[in-house]
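Input: a single structure, listed below in structure tokens.
The values are calculated or read from the model by the stated rules, or taken from the named source; none is laboratory data. What you see is a predicted model, and the numbers here were worked out from it, not measured in a lab. Every residue, glycine among them, receives a Cβ derived from its backbone with ideal geometry; neighbour counts consider all protein chains shown. For accessibility, only protein heavy atoms count, side chains too; no ligands or nucleic acids. Shrake-Rupley method; radii C 1.70, N 1.55, O 1.52, S 1.80 Å.
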Amino acid sequence: MSQTQHPELMRQHNRAMVLATIQRQGPISRVELAQMLDLNAATISRITRLLLDEGVILEEGEDESKNVGRKRVLLRFNNRAQLVAAIRVDETQITGIMADLSGAILTRRTQLITPFLMPALSASELPTLLLTLIEELFEANPSYRSQFSALTLTGDSDLLQQQTLQDTLQTRLEIPVAAIHPAAAVALAETESELLRGETAFLTLYLGVQSCCCLYLEGKTRIGGLGVDADGSPLHSRLCDGGLIAHVQAGFADCPESVLTTRPLSARLIFEAARQRDALALRAVTHLANDLANALLWMRSLFAVQHVVLSGAWIYAADVLIPLLHTALGAHSGGLLLHPAHKRDDAALLGAGKLAISLAETTV
């Protein structure tokens with residue numbers, strides 16, 4: 001390393017330390033910063049002056065301690081210095097939020113996807129749809145545009161994971177853009193919940209049109225399947241909307257009086273019928289719960305986790321599924337704790353926002 005590079009690297013290192021300490025410990029005085037980081041007063045003064053000029057930190061009142069002498073001005077991190085956006089794409093709508101670096105949502109917009117808009121969800125047209133939604137988020141406050149610093153995408157569509165889409169948006173917006181699987185996004189959101197804050201390992205079940213699980217382990221997320229049955233057949237094909245509907249259709253002959261025999265089938269309708277004790281629906285959902293219990297026992301044997309979070313489109317059926325799962329697990333539960341995602345339908349969107357914040361913070 002050359003002599004000319006070394007001082008600049010030290011300045012960058014000190015700036016990063018000061019900023020991180022203000023973010024974690026603030027409001028905090030310059031004297032406390034110097035003591036905590038073992039830096040001299042002149043260095044602290046220079047760095048904080050630059051951070052104040054950039055708007056990254058703010059002065060906030062004075063220290064209320066009874067120290068003799070002039071009161072110390074306190075510094076805090078400016079969560080509004082940069083803003084981030086997260087967008088979720090599902091079968092019926094596209095939802096976007098704009099948030100500050102504390103995760104506080106400033107505005108939210110939703111575009112419904114009608115049959116007329118469905119052709120727009122192609123690799124070539126999706127960027128335009130997403131950029132239009134971002135423009136709607138900007139309409140809430142003109143200043144959002146200049147503060148916009150990172151974007152994260154999530155949803156069931158495989159198009160969101162394509163690097164070409166992310167590159168296109170990154171070029172147009174000139175900010176970091178990333179995509180995250182919704183099951184992994186839910187896991188990130190759960191780390192902020194009172195129940196799982198500080199937990200180093202847990203599972204999220206993402207159930208709906210396409211079902212999977214996500215292992216959260218020491219800050220990392222890993223997406224996987226739901227295991228296999230006794231015959232070696234993958235369970236994910238049965239633990240999804242299509243599998244549930246197929247099971248109901250196979251039972252029509254045995255339960256001709258079921259309300260399901262006269263209506264277009266959907267997973268939501270089946271769960272609602274089970275909630276109302278319809279025999280065919282309850283049998284199908286119970287069968288599903290038994291399969292899901294076997295999947296959970298398999299995953300527990302692999303990962304030795306205690307907490308399992310239910311998420312995805314089936315979150316609306318948590319009140320039906322969780323009791324049936326407890327019954328199916330019985331004495332084999334081994335202490336598994338099952339609970340719905342604490343932010344319910346918004347879990348994946350908020351988890352994506354958390355990732356966007358981490359992207360933005362690398363540029364502060």
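A quick yes/no check of all residues on (1) at pLDDT below 90; (2) open to solvent by 40 Å² or more (accessible area, probe 1.4 Å); (3) more than 25 Å from residue 312 (Cβ to Cβ); (4) of a type outside the set (Lys, Arg):
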{"site": "99", "(1), (2), (3), (4)": "no, no, no, yes"}
{"site": "107", "(1), (2), (3), (4)": "no, no, yes, yes"}
{"site": "112", "(1), (2), (3), (4)": "yes, yes, no, yes"}
{"site": "121", "(1), (2), (3), (4)": "yes, yes, no, yes"}
{"site": "124", "(1), (2), (3), (4)": "yes, yes, yes, yes"}
{"site": "135", "(1), (2), (3), (4)": "no, yes, yes, yes"}
{"site": "142", "(1), (2), (3), (4)": "yes, yes, yes, yes"}
Hits in the range 122-156 - residues which are in a loop (DSSP other than H, G, I, E, B) and farther than 26 Å from residue 209 by Cβ: 139, 140, 141, 142, 143
Residue tally, condition open to solvent by 40 Å² or more (accessible area, probe 1.4 Å) and either closer than 23 Å to residue 157 by Cβ or modelled with pLDDT of 95 or more (or both), over the range 341-354: 6
Given (1) open to solvent by less than 60 Å² (accessible area, probe 1.4 Å); (2) within 30 Å of residue 321 (Cα to Cα); (3) without any contact (Cβ under 8 Å) to a residue 40 or more places away in the chain, index of the condition residue 177 fails: (2)
The range 192-215: number of residues that are farther than 23 Å from residue 291 by Cβ and in contact with a helix residue (DSSP H, G or I) (Cβ under 6 Å, 6 or more places away or on another chain): 1
Qualifying residues in the range 74-88 (those that are within 21 Å of residue 346 (Cβ to Cβ) and not hydrophobic (A, V, I, L, M, F, W, C)) - the one nearest to the chain's Cα centre (by Cα): 88
Tally of residues being open to solvent by less than 20 Å² (accessible area, probe 1.4 Å) and either at pLDDT 95 or above or within 26 Å of the chain's Cα centre (by Cα) (or both) across the range 289-329: 20
Filter result for residue 226 (surrounded by 19 or more Cβ atoms within 10 Å (Cβ to Cβ) and among the aliphatic types (A, V, I, L, M)): yes
Count of residues meeting criterion [within 16 Å of residue 332 (Cα to Cα) and free of Cβ contacts under 8 Å to residues at least 40 places away in the same chain] in the range 275-306: 7
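When you look at residue 228, is it of a type in the set (A, V, I, L, M) and within 27 Å of residue 158 (Cα to Cα), yes or no? Give the derivation first.
On the way: of a type in the set (A, V, I, L, M): yes; within 27 Å of residue 158 (Cα to Cα): yes.
It is true that residue 228 is of a type in the set (A, V, I, L, M) and within 27 Å of residue 158 (Cα to Cα).
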Any hit, the range 21-40, residues being over 21 Å from residue 361 (Cα atoms), of a type in the set (S, T, N, Q), part of a helix (DSSP H, G or I) and at pLDDT 90 or above: yes
Every pair of residues 6+ apart whose Cβ atoms lie under 6 Å, when the first sits in the range 307-333 and is within 21 Å of residue 91 (Cβ to Cβ) while the second is open to solvent by 10 Å² or more (accessible area, probe 1.4 Å) and assigned to a helix (DSSP H, G or I): 315/344
Single unsatisfied condition, residue 187 versus (1) in contact with a Cys (Cβ under 7 Å, 6 or more places away or on another chain); (2) open to solvent by 50 Å² or more (accessible area, probe 1.4 Å); (3) of a type outside the set (Val, Ile, Thr): (2)
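Taking the options 338, 325, 349, 355, name whichever one is part of a helix (DSSP H, G or I), more than 30 Å from residue 98 (Cβ to Cβ) and not aromatic (Phe, Trp, Tyr).
325
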Flag if residue 171 is modelled with pLDDT of 90 or more, closer than 22 Å to residue 103 by Cα and open to solvent by 50 Å² or more (accessible area, probe 1.4 Å): no
